[in-house]
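These notes are about the structure you will find just below.
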């Protein structure tokens, strides 16, 4: 006999797929569902976690569990020189930015190859599809390369990032590390996903012609809505680039 959590998840999944419970609709409270299925609250939450992991249900803090609208897939195109809009290239996605000044600490100091307490600026970019968070990016630059007028949310995301690109010196090297992992509790809460749903975590470090790291970007793309594409050009014997 299948575990009760799987039986409950199957029943709710069927109701969602057949339209009995529609996208955007709030599910009954966890107490109501637990009573309906005659199970404990932990068992009910375990069933909901399955659906959250599949991207069918999202839990909004203080409001309850909702059937998620199908989210479109995006493709992160690695190897480019301007990564800032690659996590939200579709016109249906909108982005917000929050700018914070902070000192370099721990892994940030190591990523940007600066001493501890060096002044940095963080751009926290969150893309949305409708009301649902879609993907998350944290971009760090040395303070002297940050727009002077972007100390708060005064600039829209696109304007802030375009200005950031204009201030940045020409890039000589871009390194990207891609890994699959579970989100941190903070990332899961921000993106309204289950902590069991794998994400693509991309760490991108860009350096200028002097070897100075001028940007470090940490991107989090939920696995149910993102792919990563990397294109490499080979050299012919004559030294020309193919493809």
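Laboratory data are not the source of any read-out in this text; all were calculated from the coordinates shown. What you see is a predicted model; the values in this text were computed from it and never measured. FYI the Cβ positions are ideal-geometry reconstructions off the backbone, even for glycines, and counts take in every protein chain you see.
Here are the numbers:
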{"item": "Highest average packing first - 8-18, 199-209, Cβ atoms within 10 Å", "result": "199-209, 8-18"}
{"item": "With Cα atoms, 0 to 90° folded angle of helix 41-53 axis to the chain main axis", "result": "50"}
{"item": "Rounded to 10°, Cα long-axis angle of helix 157-167 versus longest principal axis of the chain", "result": "20"}
{"item": "Calculated [θ] (222 nm, deg cm²/dmol) that DSSP helices of n ≥ 4 give over the chain, each run adding -39,500 (n - 2.57)", "result": "-7000 deg cm²/dmol"}
{"item": "With Cα atoms, 0 to 90° folded angle of helix 4-17 axis to the chain main axis", "result": "80"}
{"item": "Computed P(r) (all Cα pairs; the range 1-86; 10 Å bins; percent)", "result": "16, 43, 20, 12, 7, 1"}
{"item": "Relative compactness, the chain, computed as alpha-carbon Rg over 2.2 N^0.38 Å", "result": "1.20"}
